[in-house]
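The values are calculated or read from the model by the stated rules, or taken from the named source; none is laboratory data. From a predicted model like this one, the values you see are computed outputs, not experimental measurements. So basically every Cβ, Gly included, is an ideal-geometry build from the backbone, and we count neighbours across all protein chains shown.
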Amino acid sequence: WRSALRCRERDLLHGSFGGFFHSEALPGALPRRQNSPQHPPYGLYPELVSGSAFTVPRAKNRYVWLYRIRPSVQHSAVAAADYQLWAHDTWISPPFRHPCPPVQLRFRPCSIPPQGTDFVEGAVTVAANGSPEAQDGCSANTYAITTSMSAKRRFLRVADGDLLLLPQEGSLRLRTELGHFQVDPWELAVVPRGLAFQVDLAPGTMAARGYFLENFGDHFVVPDLGPIGISGGLAHPRHFLAPQAQYEEQDGEYELVSKFMGSLYRSPVRHSPLDVVAWYGNLVPCKYDMRLFMAVNTVTYDHPDPSIGTVLSSYTSTPGLANVDFVIFPPRWLPAEGTFRPPWFHRNCMSEFMGLLTGSYDAKPDSFVPGASSIHNRYIPHGPDAAAVETGTERDTSNPERYSGTLAFMWETRLVWHPSEHALQTLSDVDYPASWQTVPKRFDATAKPSPEKYGFAPTKA
């Protein structure tokens, strides 16, 4: 796969996540001295898209300067009456009014829909929290599609949050204002809020399915490494790739779908908004191959906290408290000796949304399938199912164990994941809580612990 990766990288820019990129589709289209010259090259219009307030600390500045054929005001509806509310049945935003049950939740994968279903039509909100209006929280969604947005001459612009896309089945072709790129399973893509784009099926792909997160909070960053060090570990910023500038000069009848304050609006537009000839900045779409993630793990004993698998974080104003963390469980070695290797039983102050992209998950090796989702909200007890308990207890831990061909992920947030009514009514696996009921009782007050086995001297009675 590495040779295929190199071929695809030829169409992409190397840089660093959150760092500055620049690209031009025509030579000299990008002004070198200033942002807004009186007479821009090629008769282009300069346009700034800001992703942060003007007065935030410089390290948090996010913006991109676009040099385009027409300003974005011409890629919008002519009159307010042209914006028609789209009462979408499944892609919805919080807050929700129905109760949130205090129980472990699992949801089946979405089925592949009928032919002619694009990304917007095939989006399903599984759970959400916070508020897009308050720019706080996030929503966890799935998509299942059988046609490209470009086939329907439809564009999407999300003002509510940044999108994190995770293909699970089938490859996507993202066509954005800043350029185009393919996203395959095992890869992720980030599309910043405010940019117009299309989600297409990649050549040769007949249908696609996956997950996407809508992050209403602060922009994603690669997490601090602390004692891990400075040069390696987890996701390296240099492995995030941005697209080269590509533009289309096309007039005609198109539809723009705008997501604003939790609602979807449809409006006609007369030109393609993908007409950016050059750009520079750090508010850019990008992709990352999760096979490049440098996993960190114990080489002695016990199971570390899942934060060692963090790829991206959206921080809050409280140090160490995430609006949402994106964590993966990639292929890796588990050498922990004398240790119950699956994740332990736990109750967290944070809330977890789990998904499986391929393979199996070690805490639920048989019952959690690719494309499915689970939610374990704050202080709801959860952990390995009965099969994982038996395997983890009886396994010979004198030899390392390799987890291969698997990729699970977690979106962990400080807010409760509130499942949507659609997910509860049509996708819910009502038997999920029963997976723990056959975990055996093993307590034996007469079985004295061995000092050699547990590394302590037992207290005399």
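Select from the range 264-297 the residues that are of a type in the set (Ser, Thr, Tyr) and touching a helix residue (DSSP H, G or I) at 6+ places or on another chain (Cβ under 9 Å) and list them in ascending order.
Hits for the range 264-297 are SER267, SER272, TYR288.
Mind listing just one residue for me: the one in the range 312-331 that is touching a strand residue (DSSP E or B) at 6+ places or on another chain (Cβ under 9 Å) and not in a strand (DSSP E or B) and, of those, surrounded by the most Cβ atoms within 10 Å (Cβ to Cβ)?
Selected residue: PRO330.
Could you count how many residues in the range 38-52 are in a loop (DSSP other than H, G, I, E, B), free of Cβ contacts under 8 Å to residues at least 60 places away in the same chain and closer than 22 Å to PRO273 by Cα?
2
Tell me, which residue of the range 243-261 that is part of a strand (DSSP E or B) and in contact with a Gly (Cβ under 9 Å, 6 or more places away or on another chain) is nearest to ARG175 (Cα to Cα)?
Filtering first and then ranking leaves PRO243.
Among the candidates THR90, THR55, single out the residue that is touching a residue at least 12 places away in the same chain (Cβ under 8 Å) and among the β-branched types (Val, Ile, Thr).
THR90
Let's see how each residue does on (1) in contact with a strand residue (DSSP E or B) (Cβ under 9 Å, 6 or more places away or on another chain); (2) part of a strand (DSSP E or B); (3) hydroxyl-bearing (Ser, Thr, Tyr); (4) over 23 Å from LEU164 (Cβ atoms):
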position	(1), (2), (3), (4)
GLU337	no, no, no, yes
LEU357	yes, yes, no, no
VAL369	yes, no, no, no
THR391	no, no, yes, yes
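Restricting to the range 404-436, count the residues that are over 22 Å from the mean Cα position of the chain (by Cα), exposed (fewer than 11 other Cβ atoms within 10 Å of the Cβ) and either closer than 22 Å to THR298 by Cα or in contact (Cβ under 8 Å) with a residue 40 or more places away in the chain (or both).
The qualifying residues number 0.
Any residue that is modelled with pLDDT of 95 or more, among the hydrophobic types (A, V, I, L, M, F, W, C) and part of a loop (DSSP other than H, G, I, E, B) - is there at least one of those in the range 1-16?
Looking for residues that are modelled with pLDDT of 95 or more, among the hydrophobic types (A, V, I, L, M, F, W, C) and part of a loop (DSSP other than H, G, I, E, B), one finds none in the range 1-16, hence no.
Specify which of the listed residues (GLU255, GLU248) is in contact with a helix residue (DSSP H, G or I) (Cβ under 8 Å, 6 or more places away or on another chain), of a type in the set (D, E, K, R), over 20 Å from ASN129 (Cα atoms) and at pLDDT 95 or above. Full working, then the answer.
Values: GLU248 fails: in contact with a helix residue (DSSP H, G or I) (Cβ under 8 Å, 6 or more places away or on another chain).
Testing whether each residue is in contact with a helix residue (DSSP H, G or I) (Cβ under 8 Å, 6 or more places away or on another chain), of a type in the set (D, E, K, R), over 20 Å from ASN129 (Cα atoms) and at pLDDT 95 or above leaves just GLU255.
In the range 339-368, which residue that is polar (S, T, N, Q) and out of contact with any Pro (no Cβ under 7 Å at 6 or more places or on another chain) is nearest to GLY383 (Cα to Cα)?
ASN348
Test ALA59 against the criterion of being hydrophobic (A, V, I, L, M, F, W, C), surrounded by fewer than 14 Cβ atoms within 10 Å (Cβ to Cβ), under 26 Å from PHE212 (Cα atoms) and at pLDDT below 95, and give yes or no. Spell out how you get there, then give the answer.
Numbers: hydrophobic (A, V, I, L, M, F, W, C): yes; surrounded by fewer than 14 Cβ atoms within 10 Å (Cβ to Cβ): yes; under 26 Å from PHE212 (Cα atoms): no; at pLDDT below 95: yes.
Judged against the criteria, ALA59 is not a match.
Those residues that are free of Cβ contacts under 8 Å to residues at least 60 places away in the same chain and within 28 Å of GLN244 (Cα to Cα), I need them from the range 61-87; list them, please.
Hits for the range 61-87 are PRO71, VAL73.
Here is a list of conditions, (1) over 30 Å from ALA372 (Cα atoms); (2) crowded, with 16+ Cβ neighbours inside 10 Å; (3) hydrophobic (A, V, I, L, M, F, W, C), and ALA208 meets all of them except one; can you say which number that is?
(1) is the only condition that ALA208 fails.
Working carefully through the options ASP118, ASP89, find the one that is under 20 Å from the mean Cα position of the chain (by Cα), closer than 30 Å to PHE353 by Cβ and assigned to a loop (DSSP other than H, G, I, E, B).
Working: ASP89 fails: under 20 Å from the mean Cα position of the chain (by Cα).
Matching residue, one of ASP118, ASP89: ASP118.
Go through the residues of the range 138-147 one by one and say whether even a single one is out of contact with any His (no Cβ under 8 Å at 6 or more places or on another chain), among the β-branched types (Val, Ile, Thr) and not in a strand (DSSP E or B).
Checked against the condition, which is being out of contact with any His (no Cβ under 8 Å at 6 or more places or on another chain), among the β-branched types (Val, Ile, Thr) and not in a strand (DSSP E or B), the range 138-147 yields at least one hit.
Of the residues PRO449, PRO342, PRO433, PRO381, which is in contact with a His (Cβ under 8 Å, 6 or more places away or on another chain) and either more than 23 Å from GLN168 (Cβ to Cβ) or among the small types (Gly, Ala, Ser) (or both)?
Among PRO449, PRO342, PRO433, PRO381, only PRO381 is in contact with a His (Cβ under 8 Å, 6 or more places away or on another chain) and either more than 23 Å from GLN168 (Cβ to Cβ) or among the small types (Gly, Ala, Ser) (or both).
Limited to the range 358-403, what total is found for residues that are polar (S, T, N, Q), crowded, with 19+ Cβ neighbours inside 10 Å and more than 16 Å from PRO343 (Cβ to Cβ)?
2
Pull up the range 138-188, narrow it to residues that are small (Gly, Ala, Ser), over 22 Å from ARG108 (Cα atoms) and buried (at least 22 other Cβ atoms within 10 Å of the Cβ), then point me to the one that is farthest from the chain's Cα centre (by Cα).
Only one residue tops the list, namely GLY179.
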